[in-house]
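Colleague: Got a structure for you, questions after.
The values are calculated or read from the model by the stated rules, or taken from the named source; none is laboratory data. Because the structure is a prediction, the values reported are computed rather than measured. Here the Cβ is made from the backbone with ideal geometry for all residues, glycine too, and neighbour counts use every protein chain on show.
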Amino acid sequence: MQQTSHPPQYLLSVPFYVYEEFGWINGTIADLPIASVMRNHSFNGTNRFKHGDDYWFLQASLKHPMRTHNINEAKLFFVPILLNQFDYYFNKKRRRLCVNERCNMELLNYTSEQLCASTAFQQYPEKHVIVRSHFLPVSDVWDENKRQRPGYAKFFLEMLPKMNAVVFEGIDFLHGISRRKERYELPSRFTLPAYKVGTACKNSLGSKKDLDVTMVGEMRFRHRQNLCSWLNRSSSISSYCGKGDRCPALAQAKFGFHVVGDTLGSQRLMDTILCGTVPIFTNLDQFKVQGTWIDWKQLSYYLPLNHKPEPRKSKKSVAEAKAVEQEFISGLEAIVSDLEGYRRRYKAVLDHIPFFDMSTLYPFDTFMYLMQANIYPETRQSRSRWSAMILPPVLYSKPKQQIS
């Protein structure tokens, strides 16, 4: 029989508990409320903090309909410690991060003691979920010999490895620890690559798409320089490429290039989607650091951006460089002229904006559901409201054999 019911609004279907009593939601950074800092942290005056997913997940966890206030009813446990903010503001910026007059290491030590004292954590550490998706490895932000931080060491080396985690570009947050003299046996955990926190340009969804493509960012990378020089020389492609403010150009373009920078990932991908612009990936490895649960073919294009050979005086090297440029522009012209393909992807991008928008409940719901599907495979959903989401396969029980 054909299914007529609508897919569920939220995928997460088991009750979860939030350790709200830790109080980090009411904390301060440099004597300012965390909520105020997170909403006003800007890049070119328009961006939220790209590693603020720990904060937005905490906000969503308090509002999600599957939250339970009874810890004994919970099947999953969300640990709302803002480790990204701790590493960024305390370890990197040397700002005071405080909750109820406990600050910095004293705060982390106190929170660690509370978590250790939890019967649920003692019994089910493997059902706990935490966000630690800042790009700094633990070995960079913790040095026991120089900083004398036993509490920090205990939390990261004894407690964190027991939990499932949302991590930076799929890289384990404990990478670098193995280089130390000590050796730690780390349990097998389930980790998921984090979304960067993106922000749309103002009135982006009402903007007229006057440009074919755009790429705004730092230009110290060779391949970005190549891209902009090629686009600026092209008479067939309308573009804005180079340094400056990403808005309004990102909202006014049909396509936005997702180009490798310091790492394979960037919040530019999320900015592009939230602006209703179709992303163009330029490196196959970029897909590896994004969610494997996303069918990017529905939402984006792929056009390899190869390094242009260094120009030399020989005619051969000049010809090779020109051939690389022509191949790239030809590939881009094919994408721009694919009107039907753009129409489908543009609609899919618009449909999935809430799926990627950290100010909604959907990113938290997605990540917690994937944790649920891993821990409780028998609860896996067969349908989702998101056409581009690849669901974990449903496990159907085999019919019992009748005994004759």
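Colleague: Among the residues of segment 300-318, is any under 30 Å from K75 (Cβ atoms), buried (at least 17 other Cβ atoms within 10 Å of the Cβ) and at pLDDT 90 or above?
Modeller: No, there is no match, as no residue in segment 300-318 is under 30 Å from K75 (Cβ atoms), buried (at least 17 other Cβ atoms within 10 Å of the Cβ) and at pLDDT 90 or above.
Colleague: A further question follows. Take the residues in segment 262-291 that are among the polar types (S, T, N, Q) and out of contact with any Gly (no Cβ under 9 Å at 6 or more places or on another chain); name whichever of them is surrounded by the fewest Cβ atoms within 10 Å (Cβ to Cβ).
Modeller: Ranking the candidates gives T263 first.
Colleague: Where residues in segment 324-370 are buried (at least 22 other Cβ atoms within 10 Å of the Cβ) and of a type in the set (V, I, T), which of them is nearest to V14 (Cα to Cα)?
Modeller: T366
Colleague: Which one of these is of a type outside the set (V, I, T), surrounded by 15 or more Cβ atoms within 10 Å (Cβ to Cβ) and modelled with pLDDT of 85 or more: L32, L76?
Modeller: Going through L32, L76 in turn, just one is of a type outside the set (V, I, T), surrounded by 15 or more Cβ atoms within 10 Å (Cβ to Cβ) and modelled with pLDDT of 85 or more: L76.
Colleague: Looking only at residues that are hydrophobic (A, V, I, L, M, F, W, C) and more than 30 Å from L350 (Cβ to Cβ) in segment 370-404, which one is modelled with the lowest pLDDT?
Modeller: I403
Colleague: Out of segment 46-79, which residues are in a loop (DSSP other than H, G, I, E, B), among the small types (G, A, S) and under 14 Å from S359 (Cβ atoms)?
Modeller: Hit for segment 46-79 is G52, nothing else.
Colleague: Output yes when any residue across segment 147-155 is at pLDDT below 85, on the phi > 0 side of the Ramachandran plot and surrounded by fewer than 15 Cβ atoms within 10 Å (Cβ to Cβ), and no when none is.
Modeller: Looking for residues that are at pLDDT below 85, on the phi > 0 side of the Ramachandran plot and surrounded by fewer than 15 Cβ atoms within 10 Å (Cβ to Cβ), one finds at least one in segment 147-155, hence yes.
Colleague: May I pose another question? Those residues that are of a type in the set (F, W, Y) and at pLDDT below 85, I need them from segment 188-247; list them, please.
Modeller: Of everything in segment 188-247, just one residue is of a type in the set (F, W, Y) and at pLDDT below 85, namely F221.
Colleague: From the set of residues in segment 193-232 that are free of Cβ contacts under 8 Å to residues at least 60 places away in the same chain and part of a strand (DSSP E or B), which is surrounded by the most Cβ atoms within 10 Å (Cβ to Cβ)?
Modeller: M215
Colleague: Check off (1) closer than 23 Å to A200 by Cβ; (2) among the aromatic types (F, W, Y); (3) touching a helix residue (DSSP H, G or I) at 6+ places or on another chain (Cβ under 9 Å) for Y346 and give me the number that stays unchecked.
Modeller: (3)
Colleague: Considering F90, F43, F86, which residue is more than 24 Å from Q372 (Cα to Cα), in a loop (DSSP other than H, G, I, E, B), hydrophobic (A, V, I, L, M, F, W, C) and modelled with pLDDT under 90?
Modeller: F43
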